[in-house]
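Just below is one structure, and these are the notes that go with it.
Coordinate-derived values only; no laboratory data. Model, not experiment: these values are computed from the prediction. Here Cβ is always computed from backbone atoms with ideal geometry, including for glycine, and neighbour counts include all displayed protein chains.
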Amino acid sequence: MTVPELREQYREVFGEETRSRHEEFLWMQVAWRIQANEQGDLSERARNRTAGLANDAEVRLLPPREGRPPW
């Protein structure tokens, strides 16, 4: 498929336009959604587990000061 064809497929699968023109990204997104629609998405247990992991993770917005270049 060409990128315009992938963008059209994305619109059909997701029901919305995409701003991306990155071919590999579009392939992965469309394939993932089609697979999720046919085989089912994550289980509720898996969703709860990932949400819990995300809440427990420390998110660093800036790298540590030590070891950083002076500029």
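Can you check what the net charge comes to around E16, using other residues whose Cβ is under 14 Å from the Cβ of E16 (Lys, Arg +1; Asp, Glu -1)? Taking every Cβ under 14 Å from that of E16, the sum is +1.
Using C-alpha pairs under 8 Å with a sequence gap of at least 6, the mean separation divided by the residue count of the chain gives a relative contact order of 21 percent. Exposed loop sites were defined as GluC sites (Glu not before Pro) in DSSP loop states (anything but H, G, I, E or B) carrying at most 12 other C-beta atoms within 10 Å; in the chain the longest segment without such a site runs 18-57.
What do you get for trypsin sites (Lys or Arg not before Pro) in the chain restricted to DSSP loop and a cutoff of at most 11 other Cβ within 10 Å of the site's Cβ? In loop regions of the chain (DSSP not H, G, I, E or B), the sparsely surrounded trypsin sites (Lys or Arg not before Pro) are R19, R21, R60, R65.
When only the Cβ of Lys, Arg, Asp and Glu is charged (+1, +1, -1, -1), the dipole of the chain relative to its Cα centre reaches about 400 debye.
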